[in-house]
Amino acid sequence: MANILERINSPADLKNLTQPELNQLADDIRAEMVTTVTKTGGHLASSLGAVELSIALHRVFNSPKDKIVWDVGHQSYAHKMLTGRRERFDTLRQHHGLSGFSDSAESPHDAFGTGHASTSVSASMGIAMARDLAGDDFHVAAIIGDGALTGGMALEGLNQAGHLGTKIIVVLNDNAMAISPSVGAVSRTLNSLTLDPRYYRAKEGAGRVIKRMPWGTAAWGSMHRFKSGIKEMLIPTRLWESLGFKYVGPVDGHNVADLESALSKARDYSHGPVFIHVVTTKGKGYEPAEDDCIKFHGLSGKYNIDNGNLSYSEVFGQTMLRLFRENERLVAISAAMMEGTCLNMVAEEFPERVFDVGICEQHAVTFAAGLATQGYIPIVAIYSTFLQRAFDQVLHDVCIQNLPVIFAIDRAGIVGEDGKTHQGTFDLSYLSCIPNLVIAAPKDENEMSHLLYTAVKAGRPVAVRYPRGNSLGVPIDEHLRELPLGKGEVLKHGDDLAIIAIGSAVAPSMQAAELLGSKGLDCAVINARFAKPLDSDLITEVASRIMRVVTVEENVLPGGFGSAVLSLLSSVADISVLPIGIPDGFVEHGPQEILRANYGLDAEGIAHRILSFFPEIVHISPLTKIKG
């Protein structure tokens, strides 16, 4: 059969397809998805499982008039192909290409921009309420799944929807997974159905017997009460009905006809919110993804060059193993990112001391605070972009009480292809304003191990931020040691200017100093190591002597490390300070090395910015020679 996908340029092109053509379309979409995502990287397994659901949604609803809100947005690749973005799909997650998530600026079919989990119900409620207030007439469907229902925000949205009786449709794409297997009581309740075939056997067995009787087919069609009784014995329908929802399901998420039937009934139901329980297989149709849906949840893409070194996440995991073996009071907490943070390797040896709380960053932090009050030392391992969801808990539950909770902030700085919803470029700013919190960033993997050891010994809240990607290949010392809190180090002495860098910005700053040195400029380089407290003695002494200071950070400039240095030096006369970092804005998706170059955060960019800002020190060669 000819490729059906090539004929689909908008959802309207789906309306008249036959069932065989729809099945072929699903195959075509999966083939295109696998071909593209294995090259560009992306969330393959999740989107493979939502292909038929995407087709059915666009056959039943009329997007963009009807609003389809994808939770997280990483399940929406088929949706993108069906809504006019098929020809650009090979640019997925590429610089200036399609986003890997829903993006309302990219298409009117993306009703709400997403990237973090558990937002779809709340957003859909807002859209539906605006519709009702304006007297409009359109449908709103929230597609939630991949563990997002474990998030407290999703439950808050469901609670309000049921309370108000607002007409929305919530579709649970239930594949029993987040990135790792979903955890928690809600997930366990759902899994008891999806993993237990008794409901299907009971329903199908009864159907076969009754349909063989005279008038059996008609009798079976009218036996709603009998079928509901079977369902009620085995399925937790009352969970959703007690929240005020009409429950529909379970529905085979890979049968377009069944999906259309359920969605149509929900669309036409006028008495309040509807909850449709769709059961899917993560990675459906691509055997490697079905067999290992954790690995194929997110592929990193061709631009992540493997230099043979451990990733910073792996260094964290290995260091935690060393520390856990030495200290039985250590515990670790993940918010559904066990593999991503490499806490899974710790959990294998210490399963009773590692906790995955699901997509619940707020709970993770306050849970850690509770543990800390009882003499334990919790390590909360969360990506930078997700920790910002728990800002109040960091401030209120940990730092006000000055509890010894350690925040291992993974994916800090420029993350890359996941784009503006996932860049870790704000943590230095949103954490620096919190009293009692020590904030550190290592220059390499060896220093990272020592900082983690220091944090365990500190007896107070400490955040250690580190980047995504492979480490620098620096050997890790056999014996870990405490580093003095709030103290940096001079890596290179110099008299023309001082570069004060933090974290992942230290290595390119050293390279920039070498470039400038080749032009006759003598640059000092300081590894700040701590964003809070600053090493005020070292920074003030160097700045007062050299008078030209450059700060470099992989964080937004407002409220970041450079801002803190500027504030520190504000009382020192005649010092010129150039802060280098990310301007006040959101960083789009693209390879890390391209984005760093765009923002002048690679060695050449730093050198170029320095010579532009301090023209009086260009006494050897013209500016353009630096890049030549």
query: Taking into account only those residues within the stretch 486-518 that are in a loop (DSSP other than H, G, I, E, B) and within 34 Å of the chain's Cα centre (by Cα), which is farthest from S536 (Cα to Cα)?
result: I502
query: Across the stretch 428-462, what is the total count of residues that are of a type in the set (K, R), surrounded by fewer than 21 Cβ atoms within 10 Å (Cβ to Cβ) and closer than 26 Å to L310 by Cα?
result: 1
field: Scan of the stretch 91-100 for residues that are in contact with a Ser or Thr (Cβ under 8 Å, 6 or more places away or on another chain), among the small types (G, A, S) and either surrounded by 21 or more Cβ atoms within 10 Å (Cβ to Cβ) or not assigned by TED's automatic domain parsing to the domain that holds L53 (or both), ordered by number
entry: none
- prompt: Taking into account only those residues within the stretch 388-412 that are more than 23 Å from the chain's Cα centre (by Cα) and not hydrophobic (A, V, I, L, M, F, W, C), which is nearest to G459 (Cα to Cα)?
  reply: P404
- request: Output the number of residues of the stretch 1-13 satisfying the condition of being part of a helix (DSSP H, G or I), over 32 Å from the mean Cα position of the chain (by Cα) and buried (at least 20 other Cβ atoms within 10 Å of the Cβ).
  value: 0
- request: Would you check if I539 is without any contact (Cβ under 8 Å) to a residue 60 or more places away in the chain, buried (at least 22 other Cβ atoms within 10 Å of the Cβ), touching a helix residue (DSSP H, G or I) at 6+ places or on another chain (Cβ under 9 Å) and at negative phi?
  value: yes
task: Can you work out which of the residues in the stretch 562-605 that are more than 27 Å from S536 (Cα to Cα) and either among the β-branched types (V, I, T) or in contact with a Pro (Cβ under 6 Å, 6 or more places away or on another chain) (or both) is surrounded by the fewest Cβ atoms within 10 Å (Cβ to Cβ)?
output: I594
query: If you check every pair at least six apart or on different chains, which have Cβ atoms under 9 Å apart with a residue in the stretch 1-23 that is farther than 13 Å from E260 by Cβ first and a residue that is of a type in the set (S, T, Y) and not in a loop (DSSP other than H, G, I, E, B) second?
result: S10/T83; P11/T83
- request: Tell me which residues, restricted to the stretch 255-284, are at pLDDT below 90, of a type outside the set (S, T, N, Q) and farther than 22 Å from G157 by Cα.
  value: K282, G283, K284
query: In the stretch 307-332, which residues are of a type in the set (A, V, I, L, M) and either at pLDDT below 95 or surrounded by fewer than 23 Cβ atoms within 10 Å (Cβ to Cβ) (or both)?
result: L310, L321, L323, L330, V331
statement: Screening G41, G73 for residues that are touching a strand residue (DSSP E or B) at 6+ places or on another chain (Cβ under 6 Å) and within 18 Å of D418 (Cβ to Cβ) leaves only G41
statement: Selection from the stretch 606-615 of residues under 14 Å from G581 (Cβ atoms) and surrounded by fewer than 20 Cβ atoms within 10 Å (Cβ to Cβ) yields R609, F613
field: Which listed residue, of S47, S76, S63, is more than 13 Å from F101 (Cα to Cα) and polar (S, T, N, Q)
entry: S63
field: Scope the stretch 52-67; condition of a type in the set (G, A, S), over 13 Å from V140 (Cβ atoms) and over 25 Å from the mean Cα position of the chain (by Cα); matching residues
entry: A56
task: Pull up the stretch 250-268, narrow it to residues that are without any contact (Cβ under 8 Å) to a residue 40 or more places away in the chain and closer than 24 Å to A26 by Cα, then point me to the one that is surrounded by the most Cβ atoms within 10 Å (Cβ to Cβ).
output: A262
query: Is it true that I127 is buried (at least 24 other Cβ atoms within 10 Å of the Cβ) and modelled with pLDDT of 80 or more?
result: no
message: Going through G585, G560 one at a time, which residue ends up being at pLDDT 95 or above and not β-branched (V, I, T)?
response: G560
task: All but one of (1) farther than 19 Å from L611 by Cα; (2) modelled with pLDDT under 95; (3) in contact with a Ser or Thr (Cβ under 6 Å, 6 or more places away or on another chain) hold for S544, so report the exception by its number.
output: (3)
query: Considering the stretch 131-173 alone, what residues qualify as being of a type in the set (D, E, K, R), surrounded by 18 or more Cβ atoms within 10 Å (Cβ to Cβ) and farther than 18 Å from K265 by Cβ?
result: R131, D146
message: Among the residues that make up the stretch 467-485, is at least one of them surrounded by 24 or more Cβ atoms within 10 Å (Cβ to Cβ), part of a loop (DSSP other than H, G, I, E, B) and among the hydroxyl-bearing types (S, T, Y)?
response: no
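The values are calculated or read from the model by the stated rules, or taken from the named source; none is laboratory data. Because the structure is predicted, anything quoted here is derived from the model rather than measured. Note: ideal-geometry Cβ built from the backbone for every residue, glycine included; neighbour counts use all protein chains shown.
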